[in-house]
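Trainee: Following this message is one structure expressed as structure tokens.
Rule-based calculations on the coordinates, nothing more; no lab input. These numbers come from a predicted model, not from an experiment. Cβ atoms come from the backbone with ideal geometry, glycine included; neighbour counts cover every protein chain shown.
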Amino acid sequence: MKIDFANLQYQYQLYKTEIDEAIHAVLDKSNYIMGEEVSQLESSLQDFTGAKHAITCSSGTDALLLAMMALDIQPGDEIITTPFTFIATAETIAFLKAIPVFVDIDEKTYNIDTSKIEAKITNNTKAIMPVSLYGQPSNMDAIQAIADKHNLKVIVDGAQSFGSTYKGKTDSNLGDISTTSFFPAKPLGCFGDGGAVFTNDNALAQKMKSLRVHGQSKRYHHQYIGMGGRMDTLQCAIVNVKLKHYAKDLKLRQIVAQKYTEALKSKDLILPFVDERATSAFAQYSIRIQNRNDVQAHLKEKGIPTAVHYPMPLHLQECFAYLGYKKGDFPVSEMISE
Ligand SMILES: *Cc1c(COP(=O)(O)O)cnc(C)c1O
């Protein structure tokens, strides 16, 4: 038996008939760009998440760009986030010439340590960007309270957490704008690149729709500097099918996580901690262990794949050397990455 870290083949086989039909319907219409499947998916995403607006886009990375561009983030603006995440979180901030300002993570949830945010707020701070790491929303009550007090925006990087909840609201229905990714190995994946942004704000939704298509207001009239950031019709058709089954798939994912916890709790490991206000989409089931390399080698021998998320926190990445951080600046992130 071969075990995949993310079994994409199985995911396809499970819904093959429906997915093949959906793909061929697009081919028969050849409506590859902004076909009706795009707005169908957006409407289904709104129903699933409870967010007033869902806007699909080309990736989880571009979703973060759209969110920040819609909020008019300018060069030199500071955005508070964590260094213990995938590169795209901070990379997109830097791509817009804004400044990622890192705050260490909480040792239990691995999400931003909200007690350390206020010390990093300056006159240039514009937004807080919590990451729902491994599938679990951050401490959103605390984040929203700080944002309200200091007049900051909240952008949730929900690339790993589609369908998770915080106090009964989905992760996509938190903050000013929430984003997600449909990268194949994410909890709700397409068969290529895709993503979405979510908001309850009509003006932000309008602006993101325009930014996604080169900032156009109508054909060949451009109100903003935007981007080519559409999700293609084929990918939307695929996610349309997968989303119909997602509530069940997510439940199964959570049941698998529970089984891991039952089986591993007597071992000398630190298992995932889910806050009582939250549910996790369990993009990964991440454990902490002393002799990581030995255990990985042993599991590999048994045909069981593992991965390290993430071996190097972002403040120590070469591309962020210019930010001037050094080893020791974020001890929790560093300890957990090791
Ligand atoms: C995957 C991921 C992204 C980027 O999503 P893509 O669709 O791969 O561009 C952004 N942030 C986090 C936390 C991610 O895990």
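Trainee: Run the numbers on the chain and let me know its relative contact order in percent, using alpha-carbon pairs under 8 Å that are six or more apart.
Mentor: Details: 656 pairs, mean separation 75.2, N = 338.
Normalised by residue count, the contact order of the chain is 22 percent.
Trainee: Still on this model: Find the Rg to Rh ratio for segment 159-228, where Rh is the Kirkwood radius over alpha-carbon pairs and Rg uses the same atoms.
Mentor: Working: Rg = 14.1 Å, Rh = 13.4 Å.
Radius of gyration over Kirkwood radius for segment 159-228 works out to 1.06.
Trainee: Once every Cα of segment 217-333 carries one equal point scatterer and solvent is ignored, give the base-10 log of I(q)/I(0) from the Debye formula at q = 0.13, 0.19 Å⁻¹, two decimals.
Mentor: Taking Cα atoms of segment 217-333 as identical point scatterers yields -0.91, -1.15.
Trainee: I'd like to know how segment 67-154 sits against the 2.2 N^0.38 Å rule of thumb: what's its Cα Rg over that expected value? Walk me through the intermediate numbers first.
Mentor: On the way: Rg = 12.0 Å, N = 88, 2.2 N^0.38 = 12.1 Å.
After normalising by residue count via 2.2 N^0.38 Å, the value is 0.99.
Trainee: First select every other residue whose beta carbon is under 11 angstrom from the beta carbon of Thr233; then total the charges, Lys and Arg +1, Asp and Glu -1.
Mentor: Details: positive: Lys29, Arg230; negative: Glu36, Glu37, Asp232.
Net local charge, Thr233 excluded: -1.
Trainee: Please build a GNM for the chain, connecting alpha carbons under 10 Å apart, and tell me which residue among Ala142, Ala159, Ala278 fluctuates the most.
Mentor: Ala142
Trainee: Can you give the FRET efficiency for His298 and Glu21, using 1/(1 + (r/R0)^6), R0 = 35 Å, r = Cβ-Cβ distance, to the nearest 0.05? Before the final figure, lay out each step's value.
Mentor: Working: r = 43 Å, r/R0 = 1.24.
Efficiency computed from Cβ-Cβ geometry: 0.20.
Trainee: Could you identify which residue out of Thr279, Thr17, Thr89 has the top mean-square fluctuation in a GNM of the chain using Cα springs shorter than 10 Å?
Mentor: Among Thr279, Thr17, Thr89, the largest mean-square fluctuation in the Gaussian network model of the chain belongs to Thr17.
Trainee: Now for a different question. Starting from the exponent 0.38 and prefactor 2.2 Å, build the expected Rg for the chain from its residue count and divide its actual Cα Rg by it. Please report the intermediate quantities before stating the final value.
Mentor: Numbers: Rg = 19.9 Å, N = 338, 2.2 N^0.38 = 20.1 Å.
With N residues counted in the chain, Rg over 2.2 N^0.38 Å equals 0.99.
Trainee: Then there's this: Counting other Cβ atoms within 10 Å of each Cβ, which chymotrypsin sites (Phe, Trp or Tyr not before Pro) in segment 181-287 have at most 11 and sit in a DSSP loop? Write out the running numbers ahead of the final one.
Mentor: Details: sites: Phe182, Phe191, Phe198, Tyr220, Tyr224, Tyr246, Tyr260, Phe273, Phe282, Tyr285; in loops: Phe182, Phe191, Tyr220, Tyr224, Phe273, Phe282, Tyr285.
In loop regions of segment 181-287 (DSSP not H, G, I, E or B), the sparsely surrounded chymotrypsin sites (Phe, Trp or Tyr not before Pro) are Tyr220.
Trainee: Report P(r) for segment 41-100: all Cα-Cα distances, bin width 10 Å, range 0 to the bin holding the largest distance, values in whole percent.
Mentor: The calculated distribution, bin by bin, is 22, 43, 29, 7.
Trainee: Looking at segment 106-172 from every direction and averaging, what is the projected area of its Cα convex hull in nm²? Intermediate results must be reported in sequence, preceding the final value.
Mentor: Numbers: hull surface 17.8 nm².
Orientation-averaged projected area of the Cα hull: 4.5 nm².
Trainee: Okay, moving on. Can you compute the helix-only [θ] at 222 nm over the chain? Use -39500 (n - 2.57) per DSSP H run of at least 4 residues, normalise by all residues, nearest 500 deg cm²/dmol. Before the final figure, lay out the partial values.
Mentor: Working: 11 runs with 125 residues, N = 338.
Rounded to the nearest 500, it is -11500 deg cm²/dmol.
Trainee: Next up: Taking every pair of Cα atoms in segment 1-147, average 1/r, invert it to obtain the Kirkwood radius, and report Rg/Rh to two decimals.
Mentor: Numbers: Rg = 19.2 Å, Rh = 18.2 Å.
Reported Rg/Rh (Cα atoms, Kirkwood Rh): 1.06.
Trainee: Segment 290-338: D in µm²/s via Stokes-Einstein (Kirkwood Rh, Cα pairs, 10 °C, 1.306 mPa s)? Could you put the intermediate results ahead of the total?
Mentor: Working: Rh = 12.5 Å.
Answer, rounded: 127 µm²/s.
Trainee: Now a separate question. Would you mind telling me which residue in Pro75, Pro184, Pro137 has the biggest mean-square fluctuation in a Gaussian network model of the chain, where springs connect alpha carbons within a distance under 10 angstrom?
Mentor: The residue that fluctuates most here is Pro75.
Trainee: Here's a follow-up. Report the number of Lys pairs in segment 166-268 whose alpha-carbons are under 23 Å apart, with separation of 8 or more residues or on distinct chains.
Mentor: Number of lysine pairs found: 20.
Trainee: Any idea what the alpha-carbon Rg over 2.2 N^0.38 Å comes to for segment 1-85? Don't skip to the answer; put the middle values down first.
Mentor: Numbers: Rg = 18.0 Å, N = 85, 2.2 N^0.38 = 11.9 Å.
That works out to 1.51 for segment 1-85.
Trainee: I'd like the FRET efficiency for Lys244 and Asp28, computed as 1/(1 + (r/R0)^6) with the beta carbon distance as r and R0 of 25 Å, rounded to 0.05. Walk me through the numbers before you get to the answer.
Mentor: Working: r = 21 Å, r/R0 = 0.82.
E(calc), rounded to 0.05, equals 0.75.
Trainee: Roughly how many whole Å is it from the C-alpha centroid of segment 147-201 to that of segment 253-269?
Mentor: 26 Å
Trainee: Pull up the cross-link candidates among the aspartates and glutamates for Lys16, meaning alpha carbon to alpha carbon under 20 Å and not fewer than 8 places away within one chain.
Mentor: Lys16 reaches Asp4, Asp28, Glu37, Asp193, Asp232, Asp249.
Trainee: Given charges of +1 on the Cβ of Lys and Arg and -1 on the Cβ of Asp and Glu, with all other atoms neutral, how large is the dipole of segment 185-302 about its Cα centre, in debye to the nearest 20?
Mentor: Details: 20 positive and 10 negative charges, 73 e Å.
Value, rounded to 20: 360 debye.
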